[in-house]
Every structure is written in structure tokens, then in C-alpha cells.
Amino acid sequence: GCEKEAGSSMWIYVLLGNLLRGIGETPIQPLGIAYIDDYTIEENAALYIGCVQTVAIIGPIFGFLLGSLCAKLYVDIGFVDLDSVTITHKDVQWVGAWWLGYLIAGAISILAGIPFWFLPKHLTKPESRKDSSTPSEQSKFIAEDNKEQRTSHQQQAKITEMAKFLPSLKNLFENPVYILYLCASIIQFNSLIGMVTYKPKYIEQQYGQTSSKTNFVIGLISIPTVAFGIFSGGLIMKKFRVNVLGAAKLSLGSSFFGYLLLVSLFAMGCENSDVAGLTVSYHGTKRMTDYEQALFSECNSGCACSKNDWDPICGENGVTYISACLAGCQASNGSGKNTVFFNCSCVGTLESPSQNSSAVVGPCQKGNECPKMFLYFLVISVITSYTLSVGGTPGYILLLRCIKPHLKSFALGIYTLAIRVLAGIPAPVYFGVAIDTACLKWGRKRCGGRGACRFYDSSALRYVYLGLTLVLGTVSIFFSVAVLWVLRKRSSPQDETLSANGERETCGTKSRKDNFVNSDCLIQTTYWPEKETRL
């Protein structure tokens, strides 16, 4: 049985499912972003992109709410008698019906994909872009500026497309603004993905909340705040007609103040729960040495208990015991979730030996100050999430404007790929490894070997989780400063000056115009008329 369990290949289905999901996301991002930017009026592009990103954030709101509902249902619902389950959804060992959400979300995704079949390949360009001398983005990707070369390339499109891949990649990597912004984004997404991935665990372990309540809180409070922040960023870009340099400043300011607010969360933690043998001794004093040796005491020495079990009970003295056996309980009344243990010799050894010798199933609640700290944590988290997300849309506009138009889709594809591979994959791994260093009690698998962590040191968990997030965020800010510095160096006061009618002032000399054309960051005005004039 153990060998069969260890050799399970069910993870392959999860891998293939995520692979297909990633392929299905490309019509929205990066291709959808480029599609919107190609066929919208310049002054509306930031708002529309902000709306798309906002709607993309609203989806996880319902996902977390659905996850909260599924987490209250037992994992084997419909296959076992629920009356035989002896724990509730508040127990740390509870496993909810995680698979149910995939079925519901998958069916909805299929229905949502149907309208994409009816979208036109090309839309009518706005009047401000109809007189552009620039060919379509698809043809520019494989074409040269010379008309004869362009005709030749159209005849051999497939061969040229493959041949132009490496030169196009080289062109992107020679653009300092693109590279610096890519590095800043990768490091910042490492910070954010790691923080978001382990936020439910952090709330559960730090503040003693249930998994269902954690999902509910994240879905109802945190994610809507992010959606509103992204939409606000797009609205600010449109209302104040922010240019590329202003977008870089807004993105930098958003990151700086967001991570500055994150520092305050270090003071909003809870003390460790009193767990006999882990955080306190059986005599009520604080833990000193090897905790596995401290699990045993004179009060449970004759019970032949296992140190690997994790079936916590709460004594009437407010101390949690790892199991009824380690609490020295000799009798019980009731069954399942309503079981009450009596004559617990270890419970009686703290403070009053003759009383408080009973216990109930489940761990004890955190201290009285913990609910208040949890409320403070939620308030600061909401403000931090909003501040960080305001810079999302300006960052995207910066990315779109610092590259040549014919490389837009390609650049967005490389950007998305880099974020997924260099942030989405490694961040949860090393965040998990770092967080596990704060573990005080490990579970054990049926066939031996270390299982999941059952109990964390609250202070160590707080410093590792928030500290790693803050360090990565600080490094990303330095790259954002470098982006702003390069933009300032490449632009001149004439480039940033807008005329009274909202159009960019034209360059006076041919050499000035050539410099403007050759810049990878400042786009040639003949590509699209009125580029960046109303952003």
C-alpha cells in the first residue's frame, strides 16, 4: 500500500491541466493587451488595459469565495459517511473538497471561451491612426523598413519569421529600459507571488483562523482592493494624461510606499499558542531545549505515547496538548467532534493539580489580543495591496511605450514568459523552504518520512515571511529607480513638453529627428500619430 501511494502519477494530470490553462490565457495576455493597444485611441489605452486587468482580478474573488465554500465540505463528500468524520473544518487536519472547484471553474471557463471565436481579426483603427505609415504589427514583425525588402519578406513569411526571432530577441535585450523593467518586474513578482501563495497559511498559523474563513477574507477584502487599485492606476493615467516618464514615476512611487507600509506588519503578530511540550513545558514554564524530548513528562510516562501523532486537544487550563495520550487522559465521553476527555493527569499538573483535568477535541484559541491584531493586519494589508496595485497599469503602459511597435506582441510574450518561469515557478518553492525553517512540529507520513508542518513558531514565521517579501521588494525598487534614470537620460525637456492642443512638439532639425527615431524607448512619431500625447 505504501509503495502504491508513493508511486502515484496523478500529479501529471495537474501538470497537463496547468499547461493547457497557460496556453488558453494567451488570447488575453499578452496578445489581448497588444490587440487593445493597436485599435484604441491613445488616451483611452491605459484605461482599457486597466479594465482588462481589473476584470482578471475580479475572477479570483469568486474563486476564493468558491474555495471557501469547498473548504467547508469534506474532501471525500459523497463517498463516505460524514457522520463518521471526527473533526470539523476548523481543525488543522481537515482537508476540504479542493477538487470540486476545478470542475466548476473548468465548466465556466469553457463557456467564457466561446465568445472569442466571434471576435474579428482586425478592427477599424481610430481616425488618429488611419494615416499612419506603419504597416500592421504582424507584417512589421518580419519586415524591414525598405518597401522592396518588405515585399520579398511577405513572399517567404514563414522562413523569415523563424529567421527574425533571434534578431528580434537581440533587439529587445539591447533596450535598457525593457531589460531593467523586466528585471524589476521579475523580482517584484517573486515577492508578490510568494507573499500571495503563503498568505492563507500565514493567516491560519499566525492568527489561528480557519482555512475557510481565510479564503473568504482574501476573496472578499484583499482581491477587490487589488482590482480597484489597478483600475485606479488606469484612471489616473487617462485623467491626468500621464506620459511615459510619469508612468515610471507612478509605478516607482506605488512600489516604494507599498513596501514601506509592509514594514508595519512586523508589529502586528500574535504570540505562540501554549502547546505543552513545544512552547511551554508541562509545568507551565517556557520551552528550553529539544522539543521532541520535552513532549514526554512524568504525567504521561506510563502511557506509551507516540511523538509523531498530531490530534490536538484543548485542556480547560487553556493549554493545547498534542494528543489525548500525551495529555495523560484516561477516560472519554461522547464520540466524534463532541468527545470530551477526563482524568487528564498532565492537565492537572499545571497551576491546580486537583482541578481542570478535562479536555475537548481541537486546539485552544489564540490569546485575547490576537483577534485585534488580525483586524489591524487586514486593514494594513488592504492599504498595502491597493498602493502596490496602483502601479500595475502604468507599468504596462511603460512596457508598451518603450519598445518598437512591431515588437510589441513579441515583447509582451517574452515578458509574460519570464514572469511565469522566473517568478511563478521558483518563488513558491524557496518561500516554502524558508517558511519551513520556522516549523516546530512536523507530521509523519504513513510509510515514514517527514510530512506537513503541524505547528509553526509564530515569531519566526512572521520574520521569515514578511522579511523575504520586503527584501525582494526593496531590490525591485532599485531596478525601478534605474528605469527612471535611463528614461530621464534618454528624454529631453523638449520631448516631455506638450503643446497647447495636446500634441507633442515636432523636432526642429533632421539630426534631432534621427535621434528620436533610433531610440528604443521613444517611439518615432511616424509610427502612430500623436503617440503618448494624451497619456
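The values are calculated or read from the model by the stated rules, or taken from the named source; none is laboratory data. Being a predicted model, the structure only gives us computed values, none of them experimental. Glycine gets a Cβ as well: all are built from the backbone with ideal geometry, and neighbour counts include every protein chain shown. We work out accessible area using only protein heavy atoms, side chains counted, and drop any ligands, DNA or RNA first. Shrake-Rupley method; radii C 1.70, N 1.55, O 1.52, S 1.80 Å.
General observations
- Of all the listed residues (Leu350, Leu326), the sole one being within 44 Å of the chain's Cα centre (by Cα) and modelled with pLDDT of 85 or more is Leu326.
- Condition met for Gln188 (in contact with a strand residue (DSSP E or B) (Cβ under 8 Å, 6 or more places away or on another chain) and not hydroxyl-bearing (Ser, Thr, Tyr)): no
- In the stretch 210-219, the count of residues that are within 30 Å of Phe377 (Cα to Cα) and touching a strand residue (DSSP E or B) at 6+ places or on another chain (Cβ under 8 Å) is one or more.
- For the stretch 280-323, filtered to residues that are surrounded by fewer than 16 Cβ atoms within 10 Å (Cβ to Cβ) and β-branched (Val, Ile, Thr), the residue that is modelled with the highest pLDDT is Thr285.
Quick grid of which residues meet (1) buried (at least 22 other Cβ atoms within 10 Å of the Cβ); (2) farther than 30 Å from Leu73 by Cβ; (3) in contact (Cβ under 8 Å) with a residue 40 or more places away in the chain:
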| site | (1), (2), (3) |
| --- | --- |
| Ser211 | yes, no, yes |
| Ile221 | no, no, yes |
| Val226 | yes, no, yes |
| Phe240 | no, yes, no |
| Ala248 | yes, yes, yes |
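- Thr124 vs. criteria among the β-branched types (Val, Ile, Thr), surrounded by fewer than 10 Cβ atoms within 10 Å (Cβ to Cβ), at pLDDT below 85 and not assigned by the TED database to the domain that holds Thr210: yes
- Selection from the stretch 229-279 of residues that are polar (S, T, N, Q) and at pLDDT 90 or above: Ser232, Ser251, Ser254, Ser255, Ser264
- Residues satisfying the stated conditions in the stretch 61-99, i.e. hydrophobic (A, V, I, L, M, F, W, C), open to solvent by less than 50 Å² (accessible area, probe 1.4 Å) and modelled with pLDDT of 80 or more: Leu66, Cys70, Ala71, Val75, Trp94, Ala97
- The numbered conditions (1) buried (at least 21 other Cβ atoms within 10 Å of the Cβ); (2) among the aliphatic types (A, V, I, L, M); (3) touching a Phe, Trp or Tyr at 6+ places or on another chain (Cβ under 6 Å) are all true for Met268 except (1).
- Within the span defined as the stretch 427-438, one or more residues are open to solvent by 20 Å² or more (accessible area, probe 1.4 Å), within 30 Å of Ile87 (Cβ to Cβ), in the same structural domain as Ile218 (by the TED database) and not in a helix (DSSP H, G or I).
- Scanning the stretch 200-230 for residues that are of a type in the set (S, T, N, Q) and assigned to a helix (DSSP H, G or I) turns up Gln205, Gln206, Ser211, Ser212, Thr214, Asn215, Ser222, Thr225.
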